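The block underneath contains the structure these notes are about, expressed in structure tokens.
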Amino acid sequence: MDSEHWRAVITAAQAGDRRALDELVEGWLPLVYNIVGRALNGHADVDDVVQETMLRAVGNLGSLRDPDSFRSWLVAIAMRQIRDRARRRTPDRLEEAAASDFAELTVLRLQLEGQRREVAEAVRWLDDEDRHLLSLWWLEVAGELTRRELAAAVGITRQHAAVRVQRMKERLETSRGIVRALDGACPDLREVTGRWNGRPDSVWRKRLARHLRGCGYCGGTREAVVPAERLLVGIALVPLPVGFTLSLALGGKTAAAATSAATSAGWSAKLLGALTKPAVAMTAGATIVAGGAYVVTQPPDAPPPRAAVAPTATAGSAPPRTSAPPAPTPKSSPAATKKADPYGTVVDAVDRAPDPNARPPALPSRPESGITSTGGPKAVMQHRGDSVTLTGRGYVLVRWQISPRSRPGALVMPSWTGLKGKLFHVASGGWRRMDDPLGGAPNGYATGMGGPSIGYAVLPPGTQQMWQNEYFHLDGSVTLTQNERGCDYGLTVFPTNRDAVVEDIDQGPPQGAIRYGLVRDTGTDSAPVPQYVTRATPADPATVPQRSRV
């Protein structure tokens, strides 16, 4: 930010210029939001802490002697509010869920991929104190804060700050390793996490770290690990989410009293209107700024997707899929001349694995506006009856972990129920099919499906062999249920995007994988529909037939 410009704005705001005050709050609100949001990881208290920080900053602006120190002064106020909030928390509030996971928001808003995404997700595994420090260090390496400002905000010397940051970075690297391992396919890790509830905490961080230190599978990595600070350099601030507003709540005062108090504090009518009105429905792609104006960042109606081209057949690819013939229509019926919707007439069939060196064809483009998940950015389903509901338009990754060592035998497949809209099976990846041989696999595993010494996971007749990663495209809503009854298995469900799918399936043997991925999407309604999917909501999702009608 231009220091001379902000010095003039701050000076004018201190002199009573309300336009300058509007600009000041509008310009610095994103920084405060990022610090608080990352320190609290999107907890429901984020809005309150951001609001209290801005109110205190505006109310005490006259006491600021040096406009050049405004940023460090504002950051220090934010950190005090974060610490005050931690002291005010009562035991019955300690288990409150986050309103919107800030790690997920960081990944989605900044479109982070690869190791940058890994760093963002590792934040969930840090203790509160480390996460508070990380909220400042992240902005330091991104160029938004200086080390002097970081130390001043925490209330320690720069030398002490260096020690604290180094210790936090060590725990962050451990957390990155955990994220990487949970994304992998270690059979032993499945047993370690058998009793885990899916919520990161310090106890499980230590348990999983012990596993990583003693596990050759999890301890290795297919790519060089880039230091976190190099990954974070130049990353922009996470923009305020659509619909984000500040609501004025001055000690529970009435609206009239609050308005009076705010006016006496120096708020302009324009800014006061933005802060006192309730949250309003926002059009897609719109953001509210502190001055009360709506800024449209993209048209509400996204441009139509590019025309998709059906992939060409490749050597070793799956055989042609068969379509169930539509029921005959009497010639006298008016519907006889209406073109039938082909959706739902094609489902996956049993196929053979492609040649390891066969690159997948281009993945057609489908519309993406984002998927929300009741399980958050990473829904871990370890037991029968676990489910997640997905809503929106975009891509979804379902990652498999099968553990016949725990309990081999017949595998009861997961099912998709309550479908509204359309769901397609678009690609398979993860660098291997689950029945591929595993060279040097530990503890009796010959393939991802098991081995002769521990037994195998056995699919129902006619069921498509799954890959490590299975990708789907949803336009609507659907619930995925884990139906484990025979062989032990787990699923992890991630909302994702097309770029991530393409990056996965394009990773082939030269990178150490067993085979390239497989594109199943035709770009039209004739693309495969998942097996075990239905629009109904049966009492027992495990009873969904293999080729249910959608």
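From the list P437, P509, which residue is open to solvent by 10 Å² or more (accessible area, probe 1.4 Å) and over 29 Å from the mean Cα position of the chain (by Cα)?
On the way: P509 fails: over 29 Å from the mean Cα position of the chain (by Cα).
Only one candidate qualifies: P437.
How many of the residues in the range 373-417 are under 22 Å from T496 (Cα atoms) and touching a Lys or Arg at 6+ places or on another chain (Cβ under 7 Å)?
Qualifying residue count for the region: 2.
Take the residues in the range 190-203 that are of a type in the set (A, V, I, L, M, F, W, C) and without any contact (Cβ under 8 Å) to a residue 40 or more places away in the chain, then tell me which one is most open to solvent (accessible area, probe 1.4 Å). Give the steps one after another, and end with the answer.
The initial filter retains those residues of the range 190-203 that are of a type in the set (A, V, I, L, M, F, W, C), namely 192, 196, 203.
Still in the list and also without any contact (Cβ under 8 Å) to a residue 40 or more places away in the chain: 192, 203.
Details: V192: 52, V203: 79 Å².
Looking at residues that are of a type in the set (A, V, I, L, M, F, W, C) and without any contact (Cβ under 8 Å) to a residue 40 or more places away in the chain, I get V203.
From the set of residues in the range 512-550 that are over 28 Å from the mean Cα position of the chain (by Cα) and closer than 29 Å to D355 by Cβ, which is most open to solvent (accessible area, probe 1.4 Å)?
R547
Please go through the range 466-479 and give me each residue that is over 22 Å from P404 (Cβ atoms) and either basic (K, R) or surrounded by 22 or more Cβ atoms within 10 Å (Cβ to Cβ) (or both), ordered by number. Talk me through it step by step, then tell me what you get.
As a first pass, look at the range 466-479 and keep what is over 22 Å from P404 (Cβ atoms): 471-479.
Listed by number, the residues that qualify are Y471, F472, H473, L474, V478.
Being buried (at least 20 other Cβ atoms within 10 Å of the Cβ), at pLDDT 75 or above and outside any loop (DSSP other than H, G, I, E, B), is that true of even one residue in the range 93-104?
yes
Restricting to the range 31-72, and then to whatever is of a type in the set (G, A, S) and without any contact (Cβ under 8 Å) to a residue 12 or more places away in the chain, can you tell me which residue is nearest to G376 (Cα to Cα)? Reasoning before the result, please.
Kept after step one, since they are of a type in the set (G, A, S), are these residues of the range 31-72: 37, 39, 42, 44, 57, 59, 62-63, 69, 72.
Subset that is without any contact (Cβ under 8 Å) to a residue 12 or more places away in the chain: 63, 69.
Values: S63: 43, S69: 39 Å.
Top of the filtered list is S69.
Name the residue that is nearest to the chain's Cα centre (by Cα), counting only residues in the range 401-416 that are modelled with pLDDT of 95 or more and not in a loop (DSSP other than H, G, I, E, B).
W416
Can you name every residue in the range 188-215 that is at pLDDT 80 or above and outside any helix (DSSP H, G or I)?
T193, W196, R199, P200, D201, C215
List pairs: first in the range 14-30 and at pLDDT 85 or above and crowded, with 17+ Cβ neighbours inside 10 Å, second assigned to a helix (DSSP H, G or I) and among the β-branched types (V, I, T), Cβ under 7 Å, 6+ apart or cross-chain?
Sorted first by the residue in the range 14-30, then by its partner, the pairs are A20/V9; L21/V58; E23/V9; L24/V9; L24/I10; V25/V58.
Residues V396, V426: which one is within 17 Å of the chain's Cα centre (by Cα) and among the aliphatic types (A, V, I, L, M)? Step through it out loud before you land on a result.
Details: V426 fails: within 17 Å of the chain's Cα centre (by Cα).
Exactly one of V396, V426 is within 17 Å of the chain's Cα centre (by Cα) and among the aliphatic types (A, V, I, L, M), namely V396.
Out of all the residues in the range 338-377, which are open to solvent by 30 Å² or more (accessible area, probe 1.4 Å) and among the acidic types (D, E)?
If the condition is that a residue be open to solvent by 30 Å² or more (accessible area, probe 1.4 Å) and among the acidic types (D, E), then D341, D355, E368 are the ones that fit.
The values are calculated or read from the model by the stated rules, or taken from the named source; none is laboratory data. It should be emphasised that the depicted structure is a prediction, and the values quoted were computed from it without experimental measurement. Using ideal geometry, Cβ is built from the backbone for each residue, glycine included, and neighbour counts are taken over all protein chains shown. Calculation scope for accessible area: heavy atoms of the full protein, side chains included, ligands and nucleic acids excluded. Shrake-Rupley method; radii C 1.70, N 1.55, O 1.52, S 1.80 Å.
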